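Written out below as structure tokens is the structure these notes cover.
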């Protein structure tokens with residue numbers, strides 16, 4: 001690790017398939033996700049930043065995803081201690097605060113499938 005790194009940074013890349021509501025467009029879904037859901041999520045889980053991503057080349061061309069940037073390994077372990085990504089009680093309690101926003105998002109569409117890999121930035 002380089003001298004400038006004070007702690008481990010974790011980057012999670014989640015590739016997602018979204019089932020849209022028949023009355024919703026992908027642009028509506030993404031607008032709500034980026035401008036409403038992400039700020040609320042980041043507020044209740046400090047140390048986590050989310051970015052919506054779109055595949056340009058390679059295996060996931062034209063796929064949508066979410067890139068999670070987690071400030072440290074300790075924060076990742078606090079929120080998702082299990083190797084399979086199962087959320088901790090702390091995380092579940094925090095996410096209860098944004099249930100109304102999550103429910104609004106689900107009116108536009110739902111994640112039908114998601115795969116992920118967590119990466120350590122060296």
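A short reminder: the numbers here are calculations on the coordinates, not readings from a lab. Because the structure is a prediction, the values reported are computed rather than measured. Here the Cβ positions follow ideal geometry from the backbone for every residue, glycine too, while neighbour counts run over all protein chains shown.
For the pair residue 110 and residue 28, label points projected 7 Å from Cα toward Cβ lie 1.7 nm apart.
Our summary gives the chain a relative contact order of 47 percent, counting only alpha carbon pairs under 8 angstrom and 6 or more residues apart. Averaged over residues, the count of other Cβ atoms within 10 Å places the peptides 110-117, 55-62 in the sequence 110-117, 55-62, highest first. Angle of helix 99-108 to the longest C-alpha principal axis of the chain, folded into 0 to 90 degrees and rounded to 10: 50°. Taking every Cα-Cα distance in the chain and sorting them into 10 Å bins from zero, the calculated P(r) comes out as 12, 40, 36, 11, 1, 0 percent. Connecting C-alpha atoms closer than 10 Å in a GNM of the chain, tell me which of 99, 52, 44 has the biggest fluctuation. Among 99, 52, 44, the largest mean-square fluctuation in the Gaussian network model of the chain belongs to 99.
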